[in-house]
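K.L.:
The structure that follows is given in the form of C-alpha cells.
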Amino acid sequence: MELKIATWNINSVRLRIELVCRLLTNWKPDVLCLQETKCPQGQFPSAPLRELGYPYLAEAGQPGYHGVAIVSRLPLTQITARSFCSKNDCRHIAAVISAGEPVLVNNLYIPAGGDEPDPDINKKFAHKLSFLDELEGWFGNGSVPPGHHALVVGDLNVAPLENDVWSHRQLLKIVSHTPAETSRLIKAQTAGGWVDVVRHHVPPEQKLYTWWSYRARDWLASNRGRRLDHIWATPELARLSRNIEVVREARGWIRPSDHVPVLTTLDFSSRR
C-alpha cells in the first residue's frame with residue numbers, strides 16, 4: 001500500500017477552497033494537512049472535498065486566525081488537539097491513519113513570531129521561542145505511541161538550514177532564520193528522533209523554498225524564498241518515503257497562498 005501525504009499553509013481555506021480542490025484533483029494525495037485555515041470550528045467548507053472523495057475531516061478552528069485541519073480519503077481515528085504555551089489557539093491537530101500499519105499524523109502551525117527577533121520587546125517572538133522549547137520537551141518525552149509510525153508536518157515557520165533561505169548571511173537577523181529559532185527547531189527534531197524527509201531526498205547543498213512573500217513585486221523573478229513547510233517522519237517511516245514534491249507552480253495560481261504544497265509518498269509495499 002502507498003500513502004501520499006501533503007501539507008499546505010492555505011492562508012484561509014474558505015477563500016482558497018478552489019485551490020484545495022485543484023490540488024486534490026491533480027495531485028491526488030490520500031491525506032492533506034492544512035494550516036492557517038482561519039475558519040471557525042464547524043464551518044470548514046468540506047462539501048466540495050467530500051464530492052472529490054475526501055469524506056474524513058479533523059479540524060481545530062477559530063475565527064480569523066490560525067487553525068489546522070486534516071482532510072483524508074481514509075478514516076481518521078484517535079483525533080487529538082494539543083495546546084502549547086497555555087494558549088488554546090488551534091495550532092495542532094493529530095489523527096491516526098491505517099496504512100496496514102497505524103500512522104500518527106501531527107499537523108502543526110508554529111507561530112510566525114512577528115518582525116523583531118528580540119523576545120524582550122516582541123511578545124510574538126517570545127511566544128515562538130517558548131513554543132519551540134515546549135515542542136522539544138514533548139518530543140523528548142515520547143510523543144509517538146508504541147507500535148505506531150508517526151509524522152510531523154506543517155508550517156513550522158522556521159527555515160533551519162543555510163540553503164533553506166535565499167541568503168543565509170542576509171537573513172540571520174530576520175525572523176524564521178535566526179539562530180535562536182533554527183537551533184531550537186533542530187533540538188526539537190533531534191529530541192524526537194525525527195528525519196527531515198524533504199532533505200532526505202533533496203541534498204542540504206541545494207536551495208529549496210516553500211514560501212515566497214506577498215511583498216515581492218515579482219516573486220518568481222526575485223526568488224527570495226524560504227523553506228518553512230516541513231515533513232518529518234520516524235526513521236523507519238522515512239525509509240519508506242519514495243519521493244518529495246514541492247508544488248512551486250501553486251505560488252503562481254490565481255489568488256495564491258504565499259506557501260506551496262509539499263508532498264511525499266510512503267511505500268509500505270517496500271517492507272515486504
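The values are calculated or read from the model by the stated rules, or taken from the named source; none is laboratory data. For clarity, every value in this text was computed on a predicted model and none was experimentally measured. As a convention, Cβ positions derive from the backbone with ideal geometry for all residues, glycine included, and neighbour counts pool all protein chains shown. Only protein heavy atoms, including side chains, enter the accessible area calculation; ligands, DNA and RNA are left aside. Shrake-Rupley method; radii C 1.70, N 1.55, O 1.52, S 1.80 Å.
K.L.:
Which one of 9, 26 is of a type outside the set (D, E, K, R) and touching a His at 6+ places or on another chain (Cβ under 6 Å)? First the steps, then the outcome.
P.N.:
Working: 26 fails: touching a His at 6+ places or on another chain (Cβ under 6 Å).
Result of the check over 9, 26: 9.
K.L.:
Let me ask you something else. I need a count of the residues in segment 148-166 that are outside any strand (DSSP E or B), farther than 20 Å from residue 5 by Cα and hydrophobic (A, V, I, L, M, F, W, C). Steps first, please.
P.N.:
Within segment 148-166, the first condition is being outside any strand (DSSP E or B), and the residues that meet it are 148, 156-164, 166.
From what is left, the residues that are farther than 20 Å from residue 5 by Cα are 158-164, 166.
Still in the running and hydrophobic (A, V, I, L, M, F, W, C): 158-159, 161, 166.
Residues that pass the stated criteria total 4.
K.L.:
May I ask you to list the residues in segment 48-61 that are under 18 Å from the mean Cα position of the chain (by Cα) and open to solvent by 20 Å² or more (accessible area, probe 1.4 Å)?
P.N.:
So in segment 48-61, the residues under 18 Å from the mean Cα position of the chain (by Cα) come out as 57-61.
Answer for segment 48-61, where residues must be under 18 Å from the mean Cα position of the chain (by Cα) and open to solvent by 20 Å² or more (accessible area, probe 1.4 Å): 57, 59.
K.L.:
Restricting to segment 86-100, count the residues that are surrounded by fewer than 16 Cβ atoms within 10 Å (Cβ to Cβ) and either out of contact with any helix residue (DSSP H, G or I) (no Cβ under 6 Å at 6 or more places or on another chain) or at pLDDT 95 or above (or both). Reasoning before the result, please.
P.N.:
So the first thing to find is which residues in segment 86-100 are surrounded by fewer than 16 Cβ atoms within 10 Å (Cβ to Cβ), and the list is 86-88, 98, 100.
Next, from what is left, pick out any that are either out of contact with any helix residue (DSSP H, G or I) (no Cβ under 6 Å at 6 or more places or on another chain) or at pLDDT 95 or above (or both): 86-88, 98.
So the count comes out to 4.
K.L.:
Take the conditions touching a strand residue (DSSP E or B) at 6+ places or on another chain (Cβ under 6 Å), under 23 Å from residue 171 (Cα atoms) and modelled with pLDDT of 95 or more and apply them to residue 251. Does it pass? Break it down into steps so the answer makes sense when it comes.
P.N.:
Details: touching a strand residue (DSSP E or B) at 6+ places or on another chain (Cβ under 6 Å): yes; under 23 Å from residue 171 (Cα atoms): yes; modelled with pLDDT of 95 or more: yes.
Spelling it out, residue 251 is indeed touching a strand residue (DSSP E or B) at 6+ places or on another chain (Cβ under 6 Å), under 23 Å from residue 171 (Cα atoms) and modelled with pLDDT of 95 or more.
K.L.:
Kindly indicate the residue of segment 91-147 that is in a loop (DSSP other than H, G, I, E, B) and touching a Gly at 6+ places or on another chain (Cβ under 7 Å) and also nearest to residue 32 (Cα to Cα) among those meeting that condition. Full working, then the answer.
P.N.:
Taking segment 91-147 first, the residues in a loop (DSSP other than H, G, I, E, B) are 91, 99-101, 110-122, 141-147.
Now narrow it down to the ones that are touching a Gly at 6+ places or on another chain (Cβ under 7 Å): 122, 143.
On the way: 122: 33, 143: 21 Å.
Checked segment 91-147; the qualifying residue nearest to residue 32 (Cα to Cα) is 143.
K.L.:
Now for a separate question. Filtering segment 249-258 down to residues that are open to solvent by 10 Å² or more (accessible area, probe 1.4 Å) and in contact (Cβ under 8 Å) with a residue 24 or more places away in the chain, which residue is farthest from residue 210 (Cα to Cα)?
P.N.:
Here is the first cut: in segment 249-258, the ones open to solvent by 10 Å² or more (accessible area, probe 1.4 Å) are 249, 251-256, 258.
In the following step, the residues that additionally are in contact (Cβ under 8 Å) with a residue 24 or more places away in the chain were identified as 251-253, 255-256, 258.
On the way: 251: 9, 252: 12, 253: 14, 255: 16, 256: 13, 258: 8 Å.
Going through the qualifying residues, I end up with 255.
K.L.:
Residue 106 passes all but one of (1) over 14 Å from the mean Cα position of the chain (by Cα); (2) buried (at least 24 other Cβ atoms within 10 Å of the Cβ); which number fails?
P.N.:
(1)
K.L.:
Confirm whether residue 181 is more than 19 Å from the chain's Cα centre (by Cα) and acidic (Asp, Glu). Write out each step before concluding.
P.N.:
Numbers: more than 19 Å from the chain's Cα centre (by Cα): no; acidic (Asp, Glu): yes.
It is false that residue 181 is more than 19 Å from the chain's Cα centre (by Cα) and acidic (Asp, Glu).
K.L.:
Anything in segment 1-19 that is without any contact (Cβ under 8 Å) to a residue 40 or more places away in the chain and among the aliphatic types (A, V, I, L, M)? List them, or say none.
P.N.:
17
K.L.:
Quickly run through segment 1-44 and pick out the residues that are over 19 Å from residue 248 (Cβ atoms) and aliphatic (A, V, I, L, M).
P.N.:
Once the filter is applied, which keeps residues that are over 19 Å from residue 248 (Cβ atoms) and aliphatic (A, V, I, L, M), segment 1-44 yields 1, 3, 13, 15, 17, 31.
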